[in-house]
Amino acid sequence: MAGRLGSAGGVVVLAAMLGGAPFVGLAPRAEASQARQTRDVLAERDLLLARLALFDASAIASANLALEKSANPQVRQFALRMVEDHRRHLDSLKQWGSSPSMDVVVADLVQPRVTQGQGVGGSGGDDQSMPMQRADARIERGVSEAQQHLAALRKAQGEDFDKAFLKRVVEDQEQGLHLVKQAQADYKNDGGFTLMLDRTGNLADRHLQRARGLEESFE
């Protein structure tokens, strides 16, 4: 009989003999495991969205600096386009969700962060600063690096600034393309998300090619 039942049949018979005891608690454990897997997947996507937001925010911040410091008409025109394109892309990312990590990126690179005791209009900033304390450490490091790059760029003047700005753009857009290519492999089965990544890649490639072209004009 055991031979005819096989392993699946044997499990059923054994469960029946024991009143179903072996299966007690299996369903809740399976559900808990699936819930953890879902949370992990969402957490990884939130991290990717925050990294893409960092890509946008870094570009916006450096381009705003170019609009402030550069006297070159072509550089200024390019910087204005960058601000417009990356702000639009940043807004589109928010349609996929937000997270404390994304809030940190926007607050520290695109808008001034409201810190404790320094709220707008003199009011306390406790409520606004609390979510930022829970950002992913990797995003915090990325924000810190971007701030250092901006600080170095801010020191440059005249044509040296233009060259440093374009070099910064090239490096940032190359990193953005690399991030997109990695993500495309991970999310190849998610049509909507892949479409967003494709648009991100096209944006990064356009700005990369334009920055390289402007760099040649300074040689």
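The table below gives the values:
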{"read-out": "Leading residue by the ranking (surrounded by the most Cβ atoms within 10 Å (Cβ to Cβ)) among those in region 192-215 that are charged (D, E, K, R) and over 28 Å from TRP96 (Cα atoms)", "value": "ARG210"}
{"read-out": "Enumeration of residues in region 62-96 that are modelled with pLDDT under 95 and among the aliphatic types (A, V, I, L, M)", "value": "LEU90, LEU93"}
{"read-out": "Count - residues of region 162-197 that are in contact with a Ser or Thr (Cβ under 6 Å, 6 or more places away or on another chain) and assigned to a helix (DSSP H, G or I)", "value": "4"}
{"read-out": "Test: residue in region 145-161 that is modelled with pLDDT under 95, assigned to a helix (DSSP H, G or I) and of a type in the set (S, T, N, Q)", "value": "yes"}
{"read-out": "Set GLY142, GLY176: member being modelled with pLDDT of 95 or more, under 21 Å from GLU44 (Cα atoms), crowded, with 16+ Cβ neighbours inside 10 Å and not aliphatic (A, V, I, L, M)", "value": "GLY176"}
{"read-out": "Filter pass, ASP205 being modelled with pLDDT of 95 or more, under 14 Å from GLN74 (Cβ atoms) and among the acidic types (Asp, Glu)", "value": "no"}
{"read-out": "Unique match (being touching a Lys or Arg at 6+ places or on another chain (Cβ under 6 Å), buried (at least 17 other Cβ atoms within 10 Å of the Cβ) and either part of a loop (DSSP other than H, G, I, E, B) or hydrophobic (A, V, I, L, M, F, W, C) (or both)) among ALA79, ALA107", "value": "ALA107"}
{"read-out": "Of the criteria (1) at pLDDT below 95; (2) of a type in the set (Gly, Ala, Ser); (3) within 23 Å of LEU90 (Cα to Cα), which one ALA211 fails", "value": "(1)"}
{"read-out": "Test: residue in region 39-48 that is outside any helix (DSSP H, G or I) and either surrounded by fewer than 16 Cβ atoms within 10 Å (Cβ to Cβ) or modelled with pLDDT of 95 or more (or both)", "value": "no"}
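The values are calculated or read from the model by the stated rules, or taken from the named source; none is laboratory data. Keep in mind that this is a model prediction, so the values were computed, not measured. Cβ coordinates were reconstructed from backbone atoms using ideal geometry, including for glycine residues, and neighbour counts include every protein chain displayed.
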